[in-house]
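Colleague: Encoded as structure tokens, here's the structure I'll be asking about.
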Amino acid sequence: MNPFATELNERLKAKAPGIYNMLSRKGKESYFPKTGILSQSMQAKGSAINATIGMAFEDDFSPVHFRSLKRLINLDPKKIFPYAGCSGLPELRKRWKVMQLQKNPILQGKPTSLPVVTCALSHGLSIASMLFLNPGDTVIIPDLYWGNYNMLIKDHCDANFDTYPLYKGQKMDLESLRDRLSGTSIGKKIVAMNFPNNPTGYTPTEIEMREITDILKTSAEHGNHIIVLCDDAYFGLVYEDGVEKQSLFAHIADIHENVLAVKIDGATKEDYVWGFRVGFITYAAKGLDDDVYSILENKTAGGIRSSISSSPHISQSLLLEAYRDPDYQAEKQSKYDLLRSRYETVKAVIAANGKRYKEFFTPLPYNSGYFMCVSLADGLDGDAIRKTLIEKYSTGVIYIHGVIRLAYSAVAKDKIETLYENLYAACKEQ
Ligand SMILES: Cc1ncc(COP(=O)(O)O)c(C=O)c1O
């Protein structure tokens with residue numbers, strides 16, 4: 001074990017032994033090097049002659065760059081071309097933390113770490129998995145989840161998924177979740193939650209969110225150590241009253257010393273910058289102080305340094321400018337309104353035609369996000385229907401986990417009815 005990792009582990013063991021025990025073997029080994037190139041370079045910052053870092057500077061210390069690139073971007077070259085640092089731009093990290101608080105008022109007064117910048121949420125998920133999952137560990141997860149979890153979490157860490165049904169009728173099957181967390185084998189449990197859910201576009205109601213919080217708390221009180229991965233990719237896109245608007249992370253941030261909440265969020269979907277590759281990992285558990293959070297941030301930075309080294313500077317700078325822009329909130333609202341209007345259209349189309357559609361497909365509960373799913377009537381071949389839709393109706397949908405996922409976020413309002421009618425026609429052809 002590297003001596004820096006040992007030092008971090010000793011501090012963590014002394015202050016928060018439960019959190020130390022939650023770390024995987026890789027998580028225990030993880031550290032951000034104190035004497036590496038980056039740290040030595042940081043120490044030399046401001047020196048008259050600085051021959052430390054692997055970048056090139058002009059004689060006036062401005063970063064070397066091509067005008068052909070710079071002229072495309074209306075930002076100071078210093079905010080574009082140099083490395084952004086492994087944990088991300090400090091100003092962006094602080095800003096995102098303030099924004100998390102604004103979006104989740106119940107976080108007020110609950111200490112959390114400073115968010116660490118990742119190369120978007122996929123990278124955040126893979127870092128979090130590396131830090132907390134040992135080969136053979138089991139992740140408790142609903143049966144309807146984003147397909148890339150298979151590679152990012154399961155394959156990446158040689159872990160297993162213990163799936164429970166997301167739904168029971170029109171509600172969440174929280175009894176099954178409770179079963180998974182209250183079994184007789186007490187120990188480390190890893191739970192993955194994603195709301196609004198991909199693929200189903202479901203977010204728990206306020207009542208369900210309280211129940212989930214209670215399930216996690218009760219399980220911790222029985223002696224389990226629970227790591228909750230909160231994938232908030234589609235945060236903010238809730239369209240119904242009575243559906244929870246704040247993150248699960250905010251609800252569980254201080255429920256118990258044995259519940260570590262790990263928030264994986266970012267600009268990708270929330271701010272419609274899929275290609276920017278900016279996400280964040282943030283930690284919270286009851287009773288943790290800044291020193292423990294800094295250890296977790298340090299181990300996270302180690303995971304970043306050892307995978308992609310650092311996230312893109314240009315997109316972090318662009319986002320920071322956007323977040324300071326007085327028009328940001330209004331623009332965000334207008335894009336929310338756009339997606340919401342498509343959601344309303346989907347609901348109207350289903351309300352008008354649902355009885356007829358029922359012969360072939362039935363919507364699963366949905367209330368938020370980018371998507372909704374339909375389950376197919378017995379005997380229908382989902383993949384064949386998907387292919388017919390492309391070949392005969394020039395219509396693309398996803399067939400996954402035995403259901404058809406429709407990304408209404410990507411379909412103009414006046415095409416939504418046709419989308420469902422095409423699906424109906426393709427089913428009828430089978
Ligand atoms: C639930 C969920 N989590 C994470 C991601 C990954 O997002 P990113 O593009 O930021 O890596 C996606 C992308 O589709 C997603 O649907």
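The values are calculated or read from the model by the stated rules, or taken from the named source; none is laboratory data. Predicted model only: the values in this text are computed from it and were never measured. Neighbour counts run over all protein chains shown; Cβ positions are idealised from the backbone, glycine included.
Colleague: Is the range 310-321 home to any residue that is under 23 Å from residue 237 (Cβ atoms), over 18 Å from the mean Cα position of the chain (by Cα) and away from the ligand (no atom under 16 Å from the Cβ)?
Modeller: Looking through the range 310-321, at least one residue is under 23 Å from residue 237 (Cβ atoms), over 18 Å from the mean Cα position of the chain (by Cα) and away from the ligand (no atom under 16 Å from the Cβ).
Colleague: If you don't mind, there's one more thing I want to ask. Enumerate the pairs (first residue in the range 184-201 and within 17 Å of residue 265 (Cβ to Cβ); second residue anywhere and within 15 Å of the ligand (Cβ to nearest atom) and part of a loop (DSSP other than H, G, I, E, B)) with beta-carbon separation below 6 Å, excluding pairs fewer than 6 apart on the same chain, so at least 6 apart or on different chains.
Modeller: Every condition considered, the pairs that remain are 195/203; 196/203; 196/234; 196/237; 196/369; 198/146.
Colleague: Does the range 250-272 contain any residue that is among the hydroxyl-bearing types (Ser, Thr, Tyr) and more than 16 Å from the ligand (Cβ to nearest atom)?
Modeller: no
Colleague: If residue 61 passes every condition in (1) surrounded by 22 or more Cβ atoms within 10 Å (Cβ to Cβ); (2) among the hydrophobic types (A, V, I, L, M, F, W, C); (3) over 21 Å from residue 323 (Cα atoms) but one, which one does it miss?
Modeller: All conditions pass for residue 61, except number (1).
Colleague: Name the residue, out of 315, 294, 309, that is small (Gly, Ala, Ser), surrounded by fewer than 18 Cβ atoms within 10 Å (Cβ to Cβ) and within 25 Å of residue 76 (Cβ to Cβ).
Modeller: Answer to the selection: 309.
Colleague: State which residue is farthest from residue 363 (Cα to Cα) when the search covers only the range 412-424 and only residues that are in contact with a Ser or Thr (Cβ under 9 Å, 6 or more places away or on another chain) and touching a residue at least 24 places away in the same chain (Cβ under 8 Å).
Modeller: Among them, the one singled out is 413.
Colleague: Just to verify a result, which residue in the range 277-301, among those that are of a type in the set (Phe, Trp, Tyr) and out of contact with any Gly (no Cβ under 9 Å at 6 or more places or on another chain), is farthest from the ligand (Cβ to nearest atom)?
Modeller: Per the stated criteria, the residue is 293.
Colleague: Could you list, in sequence order, the residues of the range 140-165 that are touching a residue at least 24 places away in the same chain (Cβ under 8 Å) and either more than 16 Å from the chain's Cα centre (by Cα) or over 17 Å from residue 230 (Cβ atoms) (or both)?
Modeller: If the condition is that a residue be touching a residue at least 24 places away in the same chain (Cβ under 8 Å) and either more than 16 Å from the chain's Cα centre (by Cα) or over 17 Å from residue 230 (Cβ atoms) (or both), then 140, 143, 147, 156, 157, 159, 160, 162, 164 are the ones that fit.
Colleague: For the range 124-194, please list each of the strands (runs of 3 or more DSSP E) lying entirely inside it that holds at least 2 residues being within 16 Å of the ligand (Cβ to nearest atom), within 20 Å of residue 213 (Cβ to Cβ) and touching a helix residue (DSSP H, G or I) at 6+ places or on another chain (Cβ under 9 Å).
Modeller: 138-142, 188-194
Colleague: Give me the strands (runs of 3 or more DSSP E) completely within the range 358-430, filtered to those with at least 2 residues that are surrounded by fewer than 19 Cβ atoms within 10 Å (Cβ to Cβ), ordered by residue number.
Modeller: 398-400
Colleague: Taking the condition among the β-branched types (Val, Ile, Thr) and within 16 Å of the chain's Cα centre (by Cα), does residue 227 pass?
Modeller: Judged against the criteria, residue 227 is a match.
Colleague: Tally up the residues in the range 195-230 that are more than 16 Å from the ligand (Cβ to nearest atom) and either surrounded by 24 or more Cβ atoms within 10 Å (Cβ to Cβ) or not in a loop (DSSP other than H, G, I, E, B) (or both), please.
Modeller: Residues that pass the stated criteria total 20.
Colleague: With the condition kept exactly as written, say whether any residue in the range 38-58 is within 29 Å of the chain's Cα centre (by Cα), at pLDDT below 95 and of a type in the set (A, V, I, L, M).
Modeller: Yes, the conditions are met somewhere in the range 38-58.
Colleague: Oh, and also: Please tell me if residue 233 is away from the ligand (no atom under 16 Å from the Cβ), in the same structural domain as residue 149 (by TED's automatic domain parsing) and either in a loop (DSSP other than H, G, I, E, B) or crowded, with 18+ Cβ neighbours inside 10 Å (or both).
Modeller: Judged against the criteria, residue 233 is not a match.
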